[in-house]
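In what follows, a single structure is set out as structure tokens and then discussed.
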Amino acid sequence: MQVDSLREKFLEFFKSQKHKIAESDSLVPKDDPTVLFTPAGMNQFKKEFLGFDSGFKRAATSQRCLRTDDLDKVGKTSSHHTFFEMLGNFSFGDYFKDEAISWAWEFLTKELKIKEDKLWVSVYKDDAEAYKIWKDKIGIPDKKIIKLGDKDNFWPAEAKTKGPNGPCGPCSEIFYDFGADVGCGEKICDPSCSCGRFVEIWNLVFTQFNRKEDGSLVPLPNKNIDTGMGLERLASVMEGKQSNFETDLFEPIVKEIRKRITVKTPKENEFVYAIADHIRAVVFCVYDGVLPSNEGRGYVVRKIIRKSVLHLRVLGIEEPLLNKLVPLISQVMRVPYPDLKDRQEDIALVISNEEKNFINTLESSGNLFSKILLTADVTEIGEFIFKLYDTYGIPPEVTTDNLKKRGFKNLDARVYVVANKKLEEQKERSRQQSAMKGDVFGAKGLDIKVKNSKFAGYKENSVEAEILAILKDGEIVLDQTPFYAESGGQVGDTGKLTKGKSVFEVLDTQKNENVILHIGKVVSGSFKKGDRVKAQINIERRLNITRNHTATHILQAALRKVLGTHVQQQGSLVGAEKFRFDFAHFKSLSKEEIARVEEVANEYVYQHEAVSCKEMPLKEAKKAGALAFFEEKYGECVRVVSIGGISKELCGGTHLDNISKIGLIKIISEGSVASGIRRIEGATGSFAEKFIKEEEQNTIAGAKKKEQLKQQKEQEKKRNLEVSDILKGAVPRLINKGIKINGVNVVSSLEANLDMHALRLLADKVKAELKQGVIALGSQDNAQKRAYLVIAVTQDLLAKGLDAGRLIRQIAPLIGGSGGGRPDFAQAGGSKPENLAQALEELRKVINL
């Protein structure tokens, strides 16, 4: 493939110019809040642009990038993309405009042999230096050097007027001319025209100013070069194609999509090209660990998939197709990304799952339409159109078409006003969320001007060290240290720094770039820069952490064996008492799967395999099959942790020398943390044994409680039967016991061994048989020393002024309590059961009045 040759030629050319050839960074930028995805080659070199010495002053890359700013233009133009490869060469305070321009011209005209008369250039309108180099040194005719303003030839475009603050500078672009028979056909056409005749292939950014808070541009002491050339655009030029989508990079994908088309449309090319672009973006997002979800990067991936599905449906392709294109992409990209083929099935599975879910949503959307048809409210219909777009990814035009098909022939114009307003508000929120936050270059940690700390903790638990700096109260930097600084999910060490009787308690250890910070407090004595101290970690705590860290490697191996190789680490937290492990998987684990994962993990532990840690080049480690955590950024040389034939991972953490020392791995819980991301919490060693013991005790306690409840229910059942028998015999007895007071039948009695519930039932039964009268029943609980009292009044007596609630309130104080209720029924409880007989006697007196 010619494009592979272009990529290789570019990197080899700049390697010959003494540039370090760096691996492409992930699409997920690490420690960079200014962007959602990696948008350019320069992003991985922000520290170097700020003066951080990484051991090289020149670099070149072929960086995978993703931009969504022009998502709606993709497919409509010949060169807009979401995902693309950017070829770039960079200088960090080394060479400047002269070399950058000369090498760019040499590469295009000498290495690639592009005819000079096919190339035009632009410069910033005030950049006389660049203009002079192009005209006098390179020999470009005046008419082929155009001067453009801030929008086109200054980076960032609004830096002068709106910011952001930080490094900025003029640009110079190189354009390829497809010829006068392409585009507008005007004689005065030049690269400033957007007709399509000219395509920008290389942008050279001369970072020579620093924008200050007041808007002023101050010359940088060390000027930088940042260039970018789209590989897809270069390929179209070299292959003689006017559209990027006709090149070798896209041709197999486009061809496969066209084979499936069943509905012809004038916009066929637009939709096919957009789908071909989008599937590349989705594949590499998943490749870099970004799964479809409802927020952040995952939402972008979900949106791109849904947009593609809708395009496919317009072309008559209603079955899931995107996932079937993954093998084609792995084949096209096999040279720069050979490992893509090994992961293509897992990536296709993620995409297939998302496709099917969205297709199901589309097919069930009729229910949503049915509900909205019940209202004619303009605002609700407008918000409905927006909701389907925002929540389900269904474009407004698709929704309005469906509404018309279901009877809304003439949608009120106000509906579109509401929907468009909502859409604009959403776009503005998206712009704000994706806009650069803070300065262009974040300089986190670069202000600590001390020598890097040497970490000795892989082999030593204590070392003699010198205090290099006390940055502020509670932060000490040593020249060497056994303390592991929090990173890679592993928490920082604790321990002590001692100097004679002076003690500094280390409560946490953090890292700022390559400087290790010992954070804590002075317990006794004092410390100053230059002091010699003994640095001693908490050995027992470190061992527990190490045990858990090695266990996470074992757990990932077990998960991949039980669930499949699509399982990939998404995050972790390794502490002293337990560990947390996040991984990619599409559904919750069944009890059987959890048990099997735990079983396999412990089977591995019982193999007593040795753990080896070895440093090697990143390329060699990847070739050997070492797993990497997608959010980590790795240098050229990496540390590979291997456990026999069980596991091989890139990891900078501390580990056991033999997995038998883990003892036992116990999974405590499993759950979801995001769409497609599961989390397992677990423990090892004595903490795992403690958890199991507590679990067993809880099981025993639960069984005892269950047995007690069972016995209680049986006793209640027996008691209810006894009470039922008692009540049956008590009703006639009580009615025969009744007396008349002032023409009112009064039944009053003290009953043995009845609780309040039984008293209420008995009163109701007597009332039903008595037809007319007042029923007052009492009972007592000798064990609890409680008195219970109920009064019921038949309906005919209510009209004569008798009120159960008033009666009970008059006599309840006698039993040491209070009562209340309805006019026909009331109850009371008290603490003086010995006065129940007196209370009933008082009731009879009240009725007799």
**Message:** Return the equivalent ellipsoid semi-axes of the range 577-712 as a descending list in whole Å, where each equals the square root of 5 times an eigenvalue of the C-alpha gyration tensor.
**Reply:** 37, 18, 12
**Fill in**
Per the C-alpha gyration tensor (a ≥ b ≥ c, the square roots of its eigenvalues), the range 1-117 is rounded if a/c is under 1.5, else prolate if a/b beats b/c, else oblate; here it's oblate
**Prompt:** Radius of gyration and Dmax for the range 668-755's Cα atoms, expressed in Å?
**Reply:** 28.4, 83
**Distance-filtered residues of the range 517-532 - backbone nitrogen under 12 Å, label point 7 angstrom along residue 475 Cα→Cβ** = 517-520
**Asked** Mind checking the log10 I(q)/I(0) for the range 757-843 at q = 0.16 Å⁻¹? Debye, one equal scatterer per Cα, no solvent, two decimals.
**Response** -0.55
**Message:** Report the Cα centroid-to-centroid distance between the range 615-676 and the range 721-777 in angstrom, as an integer.
**Reply:** 78
**Asked** Looking at the range 38-122, which trypsin sites (Lys or Arg not before Pro) are DSSP coil and have at most 10 other C-beta atoms within 10 Å of their C-beta?
**Response** 113, 115
**Message:** At 7 Å along Cα-to-Cβ for each site, give me the label-to-label distance between residue 132 and residue 715 in nm.
**Reply:** 10.3
**Complete:** For the chain, whose charge dipole is built from +1 on Lys and Arg Cβ atoms and -1 on Asp and Glu Cβ atoms, the candidate among 702, 766, 502 with its Cα farthest towards the positive end is 766
**Complete:** Whole-Å distance linking the alpha carbon centroid of the range 208-275 with that of the range 1-61 is 18
**Prompt:** Rg and Dmax of the chain over Cα atoms: what are they, in angstrom?
**Reply:** 39.4, 130
**Message:** I'd like the projected area of the range 775-818, averaged over all directions, using the convex hull of its alpha carbons. Report it in nm² with one decimal.
**Reply:** 3.2
**Complete:** log10 I(q)/I(0) for the range 503-585, Debye formula on C-alpha points only (no solvent), q = 0.14, 0.16 Å⁻¹, two decimals, reads -0.67, -0.78
**Message:** Can you give me the Rg/Rh ratio for the range 702-849, using Cα atoms for both radii and the Kirkwood formula for Rh?
**Reply:** 1.03
**Item:** Vicinal HN-Hα couplings computed from phi for the range 2-7 (Karplus, 6.51 cos²θ - 1.76 cosθ + 1.60; Hz; Gly/Pro x)
**Value:** 5, 5, 5, 5, 4, 4
**Request:** Taking just the C-alpha trace of the range 262-355, give me its Rg and Dmax in Å.
**Result:** 13.1, 38
**Message:** Would you report the distance distribution of C-alpha pairs in the range 1-64 as whole percents per 5 angstrom bin, up to the bin with the largest distance?
**Reply:** 4, 17, 23, 23, 19, 10, 5, 1
**Convex hull volume per residue for the range 498-541, taking Cα atoms only, in Å³** = 96
**Prompt:** For the pair residue 822 and residue 696, what calculated FRET efficiency results from E = 1/(1 + (r/R0)^6), where r is the Cβ-Cβ distance and R0 = 56 Å, to the nearest 0.05?
**Reply:** 0.60
**Prompt:** Rg to Rh for the range 130-241: what is it, with Cα atoms only and Rh by Kirkwood?
**Reply:** 1.02
**Asked** Of all trypsin sites (Lys or Arg not before Pro) in the range 523-594, which ones are in loop regions per DSSP and have a Cβ with at most 12 other Cβ atoms within 10 Å?
**Response** 528, 529, 587
**Complete:** Checked against a 27 Å limit on the C-alpha separation, the offending pairs among 47/110; 73/324; 661/706; 18/622; 307/561; 73/115 are 47/110; 661/706; 307/561; 73/115
**Message:** Keeping all protein chains in place and using 1.4 angstrom, which order do 248, 803, 342 fall into by accessible surface area, from largest down?
**Reply:** 342, 248, 803
**Item:** lysines with Cα under 18 Å of residue 162, excluding same-chain neighbours fewer than 8 positions away
**Value:** 151, 212, 437
**Request:** State in Å² the accessible area per residue of the chain; use a 1.4 Å probe, count heavy atoms of protein chains only, and round to the nearest integer.
**Result:** 48
**Complete:** Everything considered on the Cα gyration tensor (a ≥ b ≥ c; rounded for a/c under 1.5, else prolate if a/b is larger than b/c, else oblate), the range 128-190 must be described as oblate
**Item:** Accessible surface of the chain [probe 1.4 Å, protein heavy atoms]: carbon and sulfur percent
**Value:** 48
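The values are calculated or read from the model by the stated rules, or taken from the named source; none is laboratory data. Remember, it's a predicted structure, so these values are computed and weren't measured experimentally. Quick reminder, even Gly has a Cβ in these numbers, built from the backbone with ideal geometry, and neighbours come from all protein chains shown. Surface accessibility is based on the protein's heavy atoms, side chains included, excluding ligands, DNA and RNA. Shrake-Rupley method; radii C 1.70, N 1.55, O 1.52, S 1.80 Å.
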